[in-house]
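S.K.: Can you read through this structure? Questions will come right after.
Bear in mind that the values in this text are calculations on the coordinates, not laboratory data. In this text the structure is predicted, and so the values were computed from the model without any measurement. Virtual Cβ from ideal backbone geometry, glycine too; neighbours counted across all protein chains shown.
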Amino acid sequence: MTAAGQENAPVPITTGTPRGIPQVVRTERWWRRPDASWLTRGFFVVLLTLLSILFIYPFLWLVSSSFKPKGETFSSELIPSDWAWNFTGPDRPVPFTQYLFNVAPVAHWFFNSFWISALGAAAVTLSSAMVAFSFAYFRFPLRNVLFSILLATMMLPGQVTMIPVYLLWNEIGQFTLAHSWLPHIGTNTQYPLWVPNLFASAFYVFLQRQFFLGIPRDYFEAARIDGDNYFTMFWRIALPLAKPALIVTFIFEVQAKWFDLMTPLIYLRDRSAFTVPLGLKTLLDQFNSSGGGVGDYQVIMAGTLLMVLPMLLLFAAFQKYFIEGISTSGRKG
């Protein structure tokens with residue numbers, strides 16, 4: 001060690017044991033890292049405050065616009081000069097002010113979005129967990145090659161497979177229509193919105209595999225000695241220990257299904273089967289002045305506010321598990 005290195009080396013602090021043998025308990029450097037000055041801390045506080053205001057301003061504007069009367073929806077003031085309730089009220093024809101729940105089956109759209117999002121998220125969470133556990137626990141030939149091929153599918157944009165998948169569902173629908181004893185599960189039904197989630201997702205498989213790799217293999221070996229089979233090990237050991245990753249997967253997929261517009265726009269034709277994004281899109285087309293509407297944009301703002309609120313509440317309720325799952329999954333592997 002050089003002289004400079006010896007000068008900068010940590011100085012051991014020793015304590016004597018009952019037998020007089022010195023024992024190192026901690027090390028300290030002869031220099032001390034300076035603390036951040038009040039000016040630096042104040043700068044970061046101001047910067048974070050400004051960024052928070054910048055990010056939250058669009059949501060505040062949405063809340064304000066949803067309570068503004070017709071004709072003042074796009075005004076820049078955050079506090080409306082005249083407050084208006086745009087969600088439900090007396091059903092009166094145009095040119096009177098329209099209300100959200102009066103112009104369309106909005107409550108039914110919300111119900112459709114709730115059950116499709118929950119069912120699709122549960123399906124992809126469980127199916128991806130099974131595939132991820134298989135890649136993490138079992139050792140079989142070409143395992144890494146198959147996993148690489150699985151990850152390579154993430155490079156394909158959705159537009160590449162959109163038409164082939166639609167043609168597949170169209171053929172399935174024609175087959176079920178030709179056999180009346182089968183339920184109709186093709187196009188113009190809600191099955192294409194959640195059934196593909198039963199076949200896992202490459203991104204979620206990667207996310208959960210990283211988590212499963214962090215579980216000590218000794219747990220599974222001890223379970224095998226006790227007589228557990230592979231399914232019980234997956235259900236009783238792997239899933240409980242991977243709860244943060246499962247919650248992250250569930251939240252991600254609920255959000256993806258809840259705000260998905262493209263898939264319902266392709267497959268759904270019956271208005272009663274619409275989800276919230278597709279329903280709001282039809283309302284925007286209906287009230288848009290270019291589409292022959294009278295400009296009741298406050299109805300669109302009220303519906304958008306109701307669409308965003310469930311996702312905010314979901315993230316607030318599971319924020320602890322969400323952050324834990326993201327940070328822990330990033331350290332695994």
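S.K.: Just to be sure I understand the curve: with the Debye formula and one point per C-alpha of region 56-104, what is log10 I(q)/I(0) at q = 0.28, 0.31 Å⁻¹?
M.R.: -1.04, -1.15
S.K.: For His179, His184, which order do you get if you count the other beta carbons within 10 Å of each Cβ and list the fewest first?
M.R.: His179, His184
S.K.: Which of Trp85, Val45, Ser64 sits closest to the plus end of the dipole of region 38-99, meaning its Cα is farthest towards the positive end, when Lys and Arg get +1 and Asp and Glu get -1 on the C-beta?
M.R.: Most positive-ward Cα: Val45.
S.K.: OK, next. Using 0.36 nm times the number of residues separating Val46 and Leu182, minus their current alpha carbon distance, what extension gain do you get?
M.R.: Value of the extension gain: 42.7 nm.
S.K.: Name the chymotrypsin sites (Phe, Trp or Tyr not before Pro) in region 165-269 that are in a loop by DSSP and that have at most 15 other C-beta atoms within 10 Å, would you?
M.R.: Listed in order of number, the matching sites are Trp181, Phe259.
S.K.: Rounded, prolate or oblate: which fits region 177-333, taking a ≥ b ≥ c as square roots of the Cα gyration tensor eigenvalues, rounded meaning a/c under 1.5, else prolate when a/b beats b/c?
M.R.: oblate
S.K.: Another question about this same structure. With point charges of +1 on the Cβ of Lys and Arg and -1 on the Cβ of Asp and Glu, referenced to the Cα centre of region 146-274, which listed residue (Leu239, Pro157, Val195) lies farthest in the positive direction of the dipole?
M.R.: Farthest towards the positive pole: Pro157.
S.K.: Let's see if you can work this out: charge +1 on each Lys and Arg Cβ, -1 on each Asp and Glu Cβ, no other charges. What is the dipole magnitude of region 38-99 about its Cα centre, in debye to the nearest 20?
M.R.: 160 debye
S.K.: How do Asp91, Asp296 rank when sorted from fewest to most other Cβ atoms within 10 Å of their own Cβ?
M.R.: Neighbour counts put them in this order, fewest first: Asp91, Asp296.
S.K.: Counting only the backbone N, which residues of region 92-117 are under 16 Å from the spot 7 Å out from the Cα of Ser272 toward its beta-carbon?
M.R.: Counting only backbone N, you get 104-113.
S.K.: Still on this model: Need one number: nm distance between label points at Leu146 and Gln255, each 7 Å from Cα along Cα→Cβ, rounded to one decimal.
M.R.: Result for the modelled spin labels: 3.1 nm.
S.K.: Taking the Cα centre of region 101-331 as origin, sum charge times position over the Cβ atoms of Lys and Arg (+1) and Asp and Glu (-1), and report the length of that vector in debye to the nearest 20.
M.R.: Value, rounded to 20: 400 debye.
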